[in-house]
Amino acid sequence: MPTAHGNTTSSVDGQGSVYTNATLQMLSGRDLIASVSSSHISAHLSSQPRTIYLGVDPTAPSLHLGNLVPIIALIWLVKAGHRGILLIGGATGSIGDPSGKSTERPDMDRGELHKNVQALKSQLDSLIRNLNAHFGGAASASSDNGGVQRTPLEEAAAAGTGAAAERAADEVIGGPSAQGNSTAPVAGSQALEEGAERSATGALDIQILNNQDFYEGIGILDFLRDIGRYVRIGEVLARDSVKTRLPPPHGTSTSPHAGLSYTEFSYQLLQAYDFYLLNARPDIGCSMQIGGSDQMGNISAGVELIRRKRFGSASNALQEADLDDTQAESPAAAASSSSSRRLPPAYGMTLPLLTTSSGAKLGKSAGNAIFLSRDLCSDYDFYQYLLRTTDEDVTKLLHCLTFLSSEEIAAAEGARGARQVLLADEVTRLFRGPEALASAKRMTNLLHVAFAACEGRGGLQETLDSHDGMRNELHLMARASESMTKADAKVLRLSKGNVLGQSLVDVLVLTGLADSKVQARRLLQGGAYLNNVPLTSDSAAAGVFTEKDVATFRDRPEEGIVLLRKGKRTAKVLLLV
């Protein structure tokens, strides 16, 4: 397992900087670094344990597959001996990040935002619990769940918020820690000898926090006086999240609706304040933020705010002689030059936005997000999305979405599809747990092997009787499919009254297998199957769905299923209740 030390080799980033830190070398080799804010980042991570944070946007009640990439990078850094913070944007989520957006996000209801925050807290804690089990640790991530004993970091985070936290931060900036060349150290951390290794075993040291707590008791006038004065409008306007939304000459947007509300314009300042508070508090001492490639503008705003608050007024904050980022330095060189040069007190790193070889965003399937929540995406659909990864993409995703070594990935070369199976198995096990993986494999076998082999209602009934527990799993799939269009859903839960007694033509339209009755009638000329038995125009003219077509569950005989298929591949399971 890579550690934060061991500078025997180097790796070069896209900016020409040399990574002397082993973990950064490894992340770069796995294509998990898009850019860094300073070439001194290797020296910073190699000198002592650091606290690193990643923001989580609560615009949905669940993370999706693409959100895992920065989380995986954070976990690699934590496994190397650093501490991690997952910061849910309970406050900033009410505004909406303009980064990467061409129009303003719709206003989110406060109740919906609160539900999303609570759902993400639960999901992140479950995710860390799964990963701890995978890595052999015992504890889950710490959050403010009732009845759970707080960790020292959580106690510290809860000790002062809002105005009290602001006063504490100002005391730190004016105190002894401001005179050094690094951020206030993480509680309990000690500088290590160059080349020494720290343990990367045990429970992951990751804290889950909510930035809503940061703003309690802070008035807008106090905020503008104490924070706004350190922010320069020219720099804000120059960042892509703002520039791409404004028309010329101040921006690059050619849209007739170009423009940016003051609400979105202020988002950058609030995210910078999050970083500043986490950095300045001595009980946290966060000195690095990571995020997606569209976040470098927001991260840079935080880095600049910390520099200016740490080193004095805005006019004196960025003296080139003090903050020379043009040369990479080893930890030893950084130490020897500390008397003549101030190293940056805070750092940022972004990760690339992962896309498939076809240009599609990772985690999107036919317009549907591949969510981590089982309520929004079934274990089967999650697993199948990964299993369908192309040969061109699978090696990249194994490096970006798993903790397998390059040697383990290379060893997976074998039968066609072996790497896809490895990817689907590993990601499902890591982020949904071994039970979810077992469920996905059972449903894959049932839907693609067992159901495909049966013929007629009798064959379907025999198959159903031989697979215990399928009713519950089909209901889970049906519930997750409710967020999809009928055309994309594999399992549809329908009332018997809406199906039994209806014509085959009407049911083909109802289930999304046909767009219209005209198309349904064409299907019945050849290409439509009921319980794997071909349907014909003759059967359609007189045929309606009856109880005789339905295979029932032994433990709930009033419920049952029907198989409908269009062609060789497009099949639906109708769960009739």
Placing each pseudo-label 7 Å from Cα in the direction of the beta carbon, Ser357 and Lys496 end up separated by a distance in nanometres of 4.9 nm
Length-normalised contact order of the stretch 454-577 in % [C-alpha pairs under 8 Å, at least 6 apart]
30 percent
Which net charge results when you count Lys and Arg as +1 and Asp and Glu as -1 among the other residues whose beta-carbon is under 10 Å from that of Leu204?
+2
Between Ala411 and Asp31, what length comes free when the chain is fully extended (0.36 nm per residue of separation minus the Cα-Cα distance, one decimal in nm)?
134.8 nm
To the nearest 0.05, the calculated FRET efficiency linking Val449 and Asn472 through their beta-carbon distance, R0 being 25 Å, is 0.80
Dipole of the stretch 407-563 [Lys/Arg +1, Asp/Glu -1 at C-beta], most positive-end residue of Asn445, Leu464, Ser483
Ser483
Determine, for each peptide in 414-420, 473-479, the mean count of other beta carbons within 10 angstrom over its residues, then list the peptides with the highest first.
473-479, 414-420
For a label point 7 Å from the Cα of Val544 along Cα→C-beta, name the residues of the stretch 480-512 whose backbone N is under 14 Å from it.
497-507
Check the straight Cα-Cα distances from Lys361 and name the lysines below 20 Å, setting aside those fewer than 8 residues away within the same chain.
Lys101, Lys396
Can you give the extra length, in nm with one decimal, that the chain gains between Thr59 and Glu558 once fully stretched, where that is 0.36 nm per residue apart less the Cα-Cα distance?
175.7 nm
Charges only on Cβ, +1 for Lys and Arg, -1 for Asp and Glu: so what's the dipole of the stretch 355-453 about the Cα centre, in debye to the nearest 20?
260 debye
Mind giving me the FRET efficiency for Asp391 and Ala487? R0 is 35 Å, r the Cβ-Cβ distance, nearest 0.05 is fine.
0.85
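Only the coordinates and a few stated rules stand behind these numbers; no lab work does. Quantities reported herein were computed from a predicted structural model and do not represent experimental measurements. Virtual Cβ from ideal backbone geometry, glycine too; neighbours counted across all protein chains shown.
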